[in-house]
Amino acid sequence: MSLKLEDIPFEEGVQKGIENDFMRQAVSGAQGRFRAGRLKQAQELGNWEDWRKLGEEIRTHTVNHIDFYLHQLSEQVEKRGGHVYFAETAEEANSYIKQVIQTKNAKKIVKSKSMVTEEIGLNDALAETGTEVVESDLGEWILQLEGDHPSHIVTPALHKNKEQIRKTFAQKRGYTGSSEPEELAAFARKQLRSDFLQADVGITGCNFAIAESGTITLVTNEGNADMVWTVPDTLITVMGMERIVPTWEEMEVLVGLLTRSAVGQKLTSYITAYTGCREEDEIDGPNDYHLVIVDNGRSNALGTEFQAALHCIRCGSCINVCPVYRHIGGHAYNSVYPGPIGAVLTPVLDGYDDHKDLPYASSLCGACTEACPVRIPLHEMLVLHRQKIVENGDTPFAEKMMMKGVGMWGGSPFVYKMSTKLAHSALKPWTKDETIENGPGPLKAWTAVRNLAAPPKQSFRSWFENRKKDGEN
Amino acid sequence: MKVSLFITCISDIMFPNVGKNTVEILERLGCEVDFPTLQTCCGQPAYNSGYLEEAKGSMKQMIRAFKDAEYVVGPSGSCVGMIREYPHVFKGDSEWEKPAQELAAKTFELTQFIVDVLGVKDVGSTFKGKVTYHPSCHMTRILGVKDAPKILLQNVKGIEFVELPSGEDCCGFGGTFSVKKPEISAEMVKEKSRHVTETGAEYLVGGDMGCLMNIGGRMQREGKNVKVIHISEILNTHN
């Protein structure tokens, strides 16, 4: 199962994004709001850097001991009457879930937002069973109506504006109201309410699974996860194997980092928490509960230089500050996981073959690393990916030759000095008024949109040498 | 104080005035400036493209070139940032890790050196004009130099300083990124040019010639009448 969204070349997706003015305006506005919100929250909390370090420590410790904590979690879930299934691949996860659905003879499933189910392609797999699947997160629901994919891991419909959403509701559900967000949300709420009440099975993702108690916790601003776990008789949680914390204490730290970093909120409107099956004295919750823990390539990162990619708490703050994302949008990454974390994580989970452009879709500006609440060195990991691609011999021939040249040039003071003498003459045929407007070879890409200042006749080192001589005379 | 100038390949070949200004500023502040001629490039173009072995060749050459230097000062946040990464690159290398650490510890970006090492906040220059400053990504995020350039600029006599909106956004240079993903880079530099224009500044100043070459080249292409200059030019002006 590939994480790829569409079978198109990377550059085509980029072009589609760049040409989509609606999307770019929506993304740019949202980035500005999220960024301001995050900075305000960080300042109000105080000692933000210390909190980030604590977040990093917790994630490092947990992932280093992930076998221990997963074992503890599964024991606790089983103690509370739940079934635990470890899925090595997307296919295994999907077929287990399908089997549960079929055994229950379910007619309707409600889901709360979950990126891991996007990753494993669960909705497509469930479509084969003939069961109706309803996404209950507002953004996901909009995309489901349109047959579209999320373009952001926290706010999946970020690329849509309210007018587009109004149109979708009108076309697909006969909506006749305005494009006011309150009215749109009220309409969606009403539509979804009957789905919640009819559903036989609920499926949620997981923000933090708490190993000590076997509890699944989720953050939402719509409360839909509460509806999904309380109403249906059968409940399935799908979690990436690294979405785990040792105890409630660490969860408290991380959830505050998550919500502040994601949307600039101290906490989301709802924090959902549920544990195993309904007990005798409880009035809601499932009678049948399944926890599906998904590996799907995550183990590839364990014990490697990419392990920190598993520290991610899916806040999306790296996406919210990324200038590349702002201009091309989430779909251009052509992966379930877009933005800087997507560019780091996707090749780890899914290999380079389908995603070889992603590590290069960054100017290495480091805004992502600076924003990450658990201090994942995202831009450095992109360089590591590039190193792997070079090691595998998978870069273009011309680039290999050029870099060989760059290596010789930088490694030899003699060759380097020659270049300082020759640069001016070499570029002279293309130079006019000390400027190059239409450069040769690799400079073409540069001069397509900007001028290049031509190298002057005298290099700095030649000036310095002359000056020294003059001084000595 | 003895200072060895790390010119950076881009200023050596393309923008020698940056070096001249840097030498003159440092000398005026009482430093004795020498130029180790065995220096080449910091290795960043190869390193950031994933060509580790090719990059290491440059890095070793730089370590050799500055072996005897007391302080190494360069007019670029990005290239100095690369040198500060050398210990990380040579980690576990019994021959090169220690010299890499020594070089990283004595290497400073120009404004960082003036403010943090020399303790000077006013270099005594005069510059008339409306100026905005682009805080380049590697200067601020990799090297962590945020205040020094602004402190020095704000103390220049006659200057009218205006903040650049969304200054923290990358200009789209990114070294090889600009030619490897030119479509994306183009959108980023267009946006930066818009923000610079919004300020109404006559001059855009920065501490990294790579970024300035990118922004300046774009603004020139757009026919914008903004002069894009390295900070050393302002710090070395007395009009």
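Scan the range B:183-236 for residues that are of a type outside the set (Gly, Ala, Ser) and in a loop (DSSP other than H, G, I, E, B) and the total you get is 7.
Here's the yes/no breakdown for (1) touching a residue at least 40 places away in the same chain (Cβ under 8 Å); (2) facing another protein chain (nearest Cβ under 7 Å):
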site: A:Glu391; (1), (2): no, no
site: A:Pro396; (1), (2): no, no
site: A:Gly407; (1), (2): no, yes
site: A:Gly411; (1), (2): no, yes
site: A:Val415; (1), (2): no, no
site: A:Thr420; (1), (2): yes, yes
site: A:Ala426; (1), (2): no, no
site: A:Glu437; (1), (2): no, no
site: A:Leu443; (1), (2): no, no
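The residues of the range B:143-162 that are outside any helix (DSSP H, G or I) and either within 12 Å of chain A (Cβ to nearest Cβ) or of a type in the set (Gly, Ala, Ser) (or both), listed by number, are B:Leu143, B:Gly144, B:Lys146, B:Gly158. Looking at (1) crowded, with 22+ Cβ neighbours inside 10 Å; (2) at pLDDT below 95; (3) touching a strand residue (DSSP E or B) at 6+ places or on another chain (Cβ under 8 Å), find the lone condition where A:His159 falls short. Single failed check for A:His159: (3).
All of B:Pro149, B:Pro182 fail the test of being touching a Phe, Trp or Tyr at 6+ places or on another chain (Cβ under 8 Å) and farther than 30 Å from B:Cys31 by Cβ, apart from B:Pro182. Any idea which residue in the range A:386-398 is farthest from A:Pro347 (Cα to Cα), counting only those that are open to solvent by 30 Å² or more (accessible area, probe 1.4 Å) and not hydrophobic (A, V, I, L, M, F, W, C)? If we take residues in the range A:386-398 being open to solvent by 30 Å² or more (accessible area, probe 1.4 Å) and not hydrophobic (A, V, I, L, M, F, W, C), then A:Pro396 is farthest from A:Pro347 (Cα to Cα). Among the residues of the range A:240-274, write down those that are open to solvent by less than 30 Å² (accessible area, probe 1.4 Å) and polar (S, T, N, Q). Passing the criteria: A:Thr259, A:Ser261, A:Thr268, A:Thr272. If you check B:Asn48 against the conditions, is it within 12 Å of another protein chain (Cβ to nearest Cβ), within 20 Å of B:Trp96 (Cβ to Cβ), open to solvent by less than 30 Å² (accessible area, probe 1.4 Å) and modelled with pLDDT of 95 or more? Answer is yes for this residue. Here A:Arg386, A:Arg375 are screened, and the one residue that is closer than 28 Å to B:Cys170 by Cβ, touching a residue at least 60 places away in the same chain (Cβ under 8 Å) and either out of contact with any Cys (no Cβ under 7 Å at 6 or more places or on another chain) or not acidic (Asp, Glu) (or both) is A:Arg375. Using the structure shown, decide if A:Val84 is touching a strand residue (DSSP E or B) at 6+ places or on another chain (Cβ under 6 Å) and either within 14 Å of chain B (Cβ to nearest Cβ) or surrounded by 18 or more Cβ atoms within 10 Å (Cβ to Cβ) (or both). So A:Val84 passes the test.
Would you say A:Lys469 is loosely packed, with under 15 Cβ neighbours inside 10 Å and more than 30 Å from B:Arg221 (Cβ to Cβ)? Against the criterion (loosely packed, with under 15 Cβ neighbours inside 10 Å and more than 30 Å from B:Arg221 (Cβ to Cβ)), A:Lys469 qualifies. Taking the criterion of being open to solvent by 30 Å² or more (accessible area, probe 1.4 Å), more than 14 Å from chain A (Cβ to nearest Cβ) and under 20 Å from the mean Cα position of the chain (by Cα), the only residue of the range B:163-197 that qualifies is B:Glu163. If you go through the range A:1-35 and keep only what is away from chain B (no Cβ under 13 Å) and not in a helix (DSSP H, G or I), you end up with A:Met1, A:Ser2, A:Leu3, A:Lys4, A:Leu5, A:Glu6, A:Asp7, A:Ile8. Among the residues of the range A:36-53, at least one is open to solvent by less than 30 Å² (accessible area, probe 1.4 Å), out of contact with any His (no Cβ under 9 Å at 6 or more places or on another chain), without any contact (Cβ under 8 Å) to a residue 24 or more places away in the chain and outside any helix (DSSP H, G or I). Restricting B:Val72, B:Val18, B:Val89 to those that are away from every other protein chain (no Cβ under 12 Å) and either within 25 Å of B:Val179 (Cβ to Cβ) or not acidic (Asp, Glu) (or both) reduces the list to B:Val72. Those residues that are surrounded by fewer than 13 Cβ atoms within 10 Å (Cβ to Cβ) and either touching a strand residue (DSSP E or B) at 6+ places or on another chain (Cβ under 7 Å) or not in a strand (DSSP E or B) (or both), I need them from the range A:429-456; list them, please. Result: A:Pro429, A:Asp433, A:Glu434, A:Asn438, A:Pro440, A:Gly441, A:Lys444. The set of residues in the range A:319-339 being hydrophobic (A, V, I, L, M, F, W, C), within 14 Å of chain B (Cβ to nearest Cβ) and open to solvent by 10 Å² or more (accessible area, probe 1.4 Å) consists of A:Val321, A:Cys322. Regarding the range B:4-12, can at least one residue be identified that is touching a residue at least 40 places away in the same chain (Cβ under 8 Å), outside the structural domain of B:Gly210 (by TED's automatic domain parsing) and over 30 Å from B:Thr237 (Cβ atoms)? Checking the range B:4-12: not a single residue is touching a residue at least 40 places away in the same chain (Cβ under 8 Å), outside the structural domain of B:Gly210 (by TED's automatic domain parsing) and over 30 Å from B:Thr237 (Cβ atoms). If you go through the range A:193-213 one residue at a time, do you hit one that is modelled with pLDDT under 95 and of a type in the set (Gly, Ala, Ser)? Looking for residues that are modelled with pLDDT under 95 and of a type in the set (Gly, Ala, Ser), one finds at least one in the range A:193-213, hence yes. Taken together, the residues in the range A:364-374 that are more than 15 Å from the chain's Cα centre (by Cα) and either more than 19 Å from B:Met139 (Cα to Cα) or not in a helix (DSSP H, G or I) (or both) amount to 3. Out of contact with any Pro (no Cβ under 9 Å at 6 or more places or on another chain) and surrounded by fewer than 14 Cβ atoms within 10 Å (Cβ to Cβ), is that true of A:Met408? Against the criterion (out of contact with any Pro (no Cβ under 9 Å at 6 or more places or on another chain) and surrounded by fewer than 14 Cβ atoms within 10 Å (Cβ to Cβ)), A:Met408 does not qualify. At least 2 residues being among the aromatic types (Phe, Trp, Tyr) and within 22 Å of B:His230 (Cβ to Cβ) is the threshold, and among the strands (runs of 3 or more DSSP E) wholly inside the range B:61-142 those reaching it are B:126-134.
Scanning the range B:217-239 for residues that are closer than 16 Å to B:Thr132 by Cα, within 11 Å of chain A (Cβ to nearest Cβ) and either open to solvent by less than 20 Å² (accessible area, probe 1.4 Å) or of a type in the set (Lys, Arg) (or both) yields a single hit, B:Met219. The set of residues in the range B:51-65 that are more than 7 Å from chain A (Cβ to nearest Cβ) and either touching a Lys or Arg at 6+ places or on another chain (Cβ under 8 Å) or surrounded by 24 or more Cβ atoms within 10 Å (Cβ to Cβ) (or both) comprises B:Ala55, B:Met59, B:Met62.
Counting the residues of the range A:321-344 that are in a helix (DSSP H, G or I) and in contact with a Cys (Cβ under 7 Å, 6 or more places away or on another chain) gives 5.
The values are calculated or read from the model by the stated rules, or taken from the named source; none is laboratory data. A quick note: this is a predicted structure, and the numbers were derived from the prediction, not measured. Cβ sites come from the backbone with ideal geometry, for glycine too, and all protein chains shown count toward neighbours. Side chains included, ligands, DNA and RNA excluded: accessible areas come from the protein's heavy atoms. Shrake-Rupley method; radii C 1.70, N 1.55, O 1.52, S 1.80 Å.
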